[in-house]
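Rule-based calculations on the coordinates, nothing more; no lab input. Keep in mind the model is a prediction, meaning the values are calculated, not measured. Counting neighbours? That spans all protein chains shown, and the Cβs are built from the backbone with ideal geometry, glycine included.
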Amino acid sequence: MLMSFDSLREFLSSLDGIGDLKRIKASVDPVHELGAIAYHSLLRKGPALLFENIKGYATPLVTNVLSTDRKVAVALGVEGDMRAMFEKFLSGFRNPIDPVEVNGGPCKEEIYRGEEVDLYQFPTPVWHEKDAAPYLGTFHGCITRDRKTGDQNMGMYRLMIKDKKTLWMSIHRDGLAHYRQYEAADEPMPMAVAIGMEPLLCVAAMSPISSGLARHAEFAYVGGLRGKPVPLTKCETLDLLVPAQSEIILEGQVLPRVRVDEGPHGESHGFYGNEKDGLVYEVHCITHRRKPIHQGLICNFMEDGGKRITRSAVLWGKLKSLGTPGVVDVRFPDPGCGREICVVAADIKEPGQVMQIVETVWGVNAMGPNWIIVVDADADLDDWNDIWWRIYSRSEPHRDVWITPPRQHGGHQPLVKQGFTSRIAIDATSKFKGIEFPEVNAVSRELSQKVLSRWAELGLE
Ligand SMILES: Cc1cc2nc3c(=O)[nH]c(=O)nc-3n(C[C@H](O)[C@H](O)[C@H](O)COP(=O)(O)O)c2cc1C
Ligand SMILES: [Mn+2]
């Protein structure tokens, strides 16, 4: 089943084929209830959820499309272990393919302009109980153009519905850099929003992809991943190109010199947050497929989107290119919101090697993580029971835990909002600890396989 997908629909039918898409026919309230169902299904590593009967709406909404390793593997067209996924993810950077421009496209099957524009036409959830409003943009791409070079960028910046034509947004990085150019010229910034994209395009929108890939960076990257160009089509009212296969496109402009207090909204660090420098996006045209599928996610430290995999892949690639000795695997697990906690598995052969690894990870990753745990090469990085067991049994706090003085930090969690925090590294390996560790008493792999092959026969399935 190695393939690439042109559209969200194709991807969903592939998930359906392996039993990883659940159609929910029961009536569900978009205010709080839908988000809570999505959250509990995430915790249970459930399938993608297609809500077909959202109270008050005919349009369905899909969520949790990349919430498990298996679904990310399908999106990447990879079979095999996490390392195969890392390599595939990185291949898009190595071999980018420029997008192609096409005429029209499915995203233009229906077009609404001016007074016909109504953002409330879609079943947009109030995802968390204390969110200020429905959030229409939670797993999408905001597309803007560099005012000087003409290059396009696509980033995922959340969008809160203010009224039927207005969204408030929280925007940083490349999108904000574009905005500042327009604001300096006292012009509104043209922006298009694509919702319901083939999921790798969402992965590109949520990843820092611009550098080194020149024009249309996010689209060239996904073209590289898919081995074929992403078809883009012209907006109806803006000089911007958007993915032609999208379910829904918004066209509009971000106002210069206007700031609003956006939020609160549940954020990926696990707390509510608001953006005091929020921007105002006015929508003047909506195009969409006939019978569109709306899409979104509930933000939490554990969320849809697979960032624990994509961020791990980026670090893996950097450590590999630097030839960091001994590193065999890395992971940014969900509880660290995919960025603040890093677990590294390494084959330790020399004294001091663990510290060398820690400093390299901090060196290549200026924004974090502020927690690093180094474990032996045989650890299961996806199993917190295993990691915690190693922390308590292989590290002595006075000797194997290192804490730095506070330094600049890009994290957005409440404690470090001022931009400073200290960092901690834990050497939870068994090497150079002054003892020969006794043998581990877990059931061996061979014996495990043998008894597990009898599981059904024993009536345990
Ligand atoms: C679900 C989700 C929501 C996000 N919301 C925001 C947001 O509201 N504002 C923001 O600046 N970044 C947000 N991000 C992070 C950006 O998407 C990320 O920094 C990305 O690199 C931005 O694109 P850019 O590098 O092209 O600017 C979010 C990421 C995810 C996965
Ligand atoms: Mn970018």
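In the structure shown, the pairs K88/K349; K108/K291; K307/K431; K71/K108; K55/K307 are assessed against 20 Å; a Cα-Cα span above that value is assigned to K88/K349; K307/K431; K71/K108; K55/K307. Note on the stretch 61-139 and the stretch 216-294: Cα centroid distance 10 Å, given to the nearest whole angstrom.
For the chain, the Kirkwood hydrodynamic radius from C-alpha pairs, put into Stokes-Einstein at 10 °C and a viscosity of 1.306 mPa s, yields a diffusion coefficient of 68 µm² per second.
Sorted by average packing, counted as other Cβ atoms within 10 angstrom per residue and highest first, what order do 455-461, 82-88 take? Each step should come with its number before you reach the end.
On the way: 455-461: 8.3, 82-88: 18.3.
Packing order, densest peptide first, comes out as 82-88, 455-461.
Amide H contacts of Y157 (H built 1.01 Å from N, in plane; Pro and chain starts excluded): C142 sit under 5 Å, all sequence-distant by 5 or more or on other chains. According to the square roots a ≥ b ≥ c of the eigenvalues of the Cα gyration tensor, what is the shape class of the stretch 89-295, taking rounded for a/c under 1.5, prolate for a/b larger than b/c otherwise, and oblate for the remainder? Rounded, because the longest to shortest axis ratio a/c is under 1.5. In this label model, F271 and Q408 are separated by 2.3 nm, measuring between points 7 Å along each Cα→Cβ vector. What residue among V354, G434, G368 has its Cα farthest toward the positive end of the dipole of the stretch 307-445, where the charges are +1 on Lys, Arg and -1 on Asp, Glu, each on the Cβ? Going by the Cα projections, it comes out as G368.
Protection proxy ranking of 384-394, 30-40, by the mean of other Cβ atoms within 10 Å over each peptide's residues and highest first, is 30-40, 384-394. Structural descriptor for the chain: relative contact order 15 percent, calculated from alpha carbon pairs under 8 angstrom and at least 6 residues apart.
For the chain, the membrane-span-like helix rule (DSSP H, alpha carbon extent of at least 20 Å along the helix axis, mean Kyte-Doolittle at least -1.0) picks out 307-322; this says nothing about an actual membrane. Pairs of Cα atoms nearer than 8 Å and 6+ residues apart set the relative contact order; for the stretch 22-93 it is 25 percent. Label separation (Q181 vs N53): 4.9 nm, computed from points 7 Å beyond Cα along the C-beta direction. Could you give the length gained on full extension between K25 and D69, defined as 0.36 nm per residue of separation minus the Cα-Cα distance, in nm? Net length gain for the segment: 13.3 nm.
Go through 315-322, 162-169 and give me the packing order, highest mean Cβ count within 10 Å leading.
Values: 315-322: 17.1, 162-169: 18.8.
Result, highest mean Cβ count within 10 Å first: 162-169, 315-322.
The alpha-carbon of K162 sits under 18 angstrom from the alpha-carbons of these aspartates and glutamates, leaving out residues fewer than 8 places away in its chain: E115, E116, D118, E129, D131, E251, D261, E262, E275, D277, E282.
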